[in-house]
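J.: Structure in structure tokens, see below.
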Amino acid sequence: MSSRRSSQSGTSRITDDQIIELVSKLRQLVPEIRNRRSDKVPASKVLQETCNYIRSLHREVDDLSERLSQLLATIDADSAEASIIRSLIAQ
Amino acid sequence: MISKGATRNSNSRRVKFARRFVSALLHMRNRNPRPGSLSIEGVRTKSQRIKIAAYLSMAHAVGSRRAWSRAVLSKLGSRARRHMSRMGRSSLGSLKKKRVIRSYSPGELGQAKKLRQLVPGGKTMDICSLLEETAHYITCLATQVKVMQTLADNFSK
């Protein structure tokens, strides 16, 4: 097992175990690596895939903002309300 | 597995975000009835304003509990925008705080640097906070995308 080393700074002693736990938590959230066997995914890969995932989410927000700007004229309060409810049901 | 409490939190966050974002969209639609008119706030495109409204709405839904949402609110919030337009870009240099000394763990350095640039407020966090904030940030981002998707799908019918 890895040694329980602390980081260099004196103020906050972050252990390897804390980092391992947080990285595994991240692993569960990133779709790309969620289904792979955990012992085969090193922390560096998790961080890299997390960055890729965040970037792809940002791109999706950009595309959807573009789409919504084109649809802006068509929205009204009632259909918007219905959409909110629909988004709740469709999880 | 997500506990019942966490699901309730994520649902209420989703609703808060959706409500706020939709209200911002309606506000935008009412403010510019004529397609060719210039907006008072400057030359941002509609798409850019919608994007900002989306990030802001999610940050508001999360509140000030999280470092990343605080960072978004201070960067994009209305006070920030008024501040920027009054002061101008050049005087922002004086606002930069003293650089916080981060405690790195050996081995995490390279990838953590990229992550810090992607997560709001990430530049001054220690590695543990960075990882925690990242986890929360991506769940909220995923929700934001899903809601925006649903709205876009429903508005185009």
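The values are calculated or read from the model by the stated rules, or taken from the named source; none is laboratory data. Remember, it's a predicted structure, so these values are computed and weren't measured experimentally. Backbone-built Cβ (ideal geometry, glycine too); neighbour counts: all protein chains shown. These accessible areas exclude ligands, DNA and RNA; they are computed on the full protein's heavy atoms, side chains included. Shrake-Rupley method; radii C 1.70, N 1.55, O 1.52, S 1.80 Å.
J.: Condition check: under 29 Å from residue B:13 (Cβ atoms), modelled with pLDDT of 95 or more, more than 10 Å from chain A (Cβ to nearest Cβ) and open to solvent by less than 70 Å² (accessible area, probe 1.4 Å). Does residue B:78 satisfy that?
T.: Criteria not met by residue B:78.
J.: Which one of these is under 24 Å from residue A:56 (Cβ atoms), modelled with pLDDT under 90 and facing chain A (nearest Cβ under 7 Å): B:105, B:156?
T.: Numbers: B:105 fails: under 24 Å from residue A:56 (Cβ atoms).
Only one candidate passes the filter, namely B:156.
J.: For the subset of the stretch A:32-91 comprising residues that are surrounded by fewer than 16 Cβ atoms within 10 Å (Cβ to Cβ) and β-branched (Val, Ile, Thr), which member is farthest from residue B:138 (Cα to Cα)?
T.: Selected residue: A:74.
J.: Conditions first: (1) at pLDDT 90 or above; (2) facing chain A (nearest Cβ under 10 Å); (3) more than 17 Å from residue A:22 (Cα to Cα); (4) open to solvent by 10 Å² or more (accessible area, probe 1.4 Å). Residue B:144 passes all but one, so which condition is the exception?
T.: Condition (4) is where residue B:144 drops out.
J.: Something else about it: I want to confirm something. Restricting to the stretch B:30-56 and keeping residues that are more than 21 Å from the chain's Cα centre (by Cα) and surrounded by 13 or more Cβ atoms within 10 Å (Cβ to Cβ), which single residue is modelled with the lowest pLDDT? Walk me through it before giving the result.
T.: We begin by selecting, within the stretch B:30-56, every residue more than 21 Å from the chain's Cα centre (by Cα); these are B:30-40.
Among the residues that remain, those that are also surrounded by 13 or more Cβ atoms within 10 Å (Cβ to Cβ) are: B:32, B:39.
Working: B:32: 66, B:39: 52.
For the stretch B:30-56, the residue satisfying everything is B:39.
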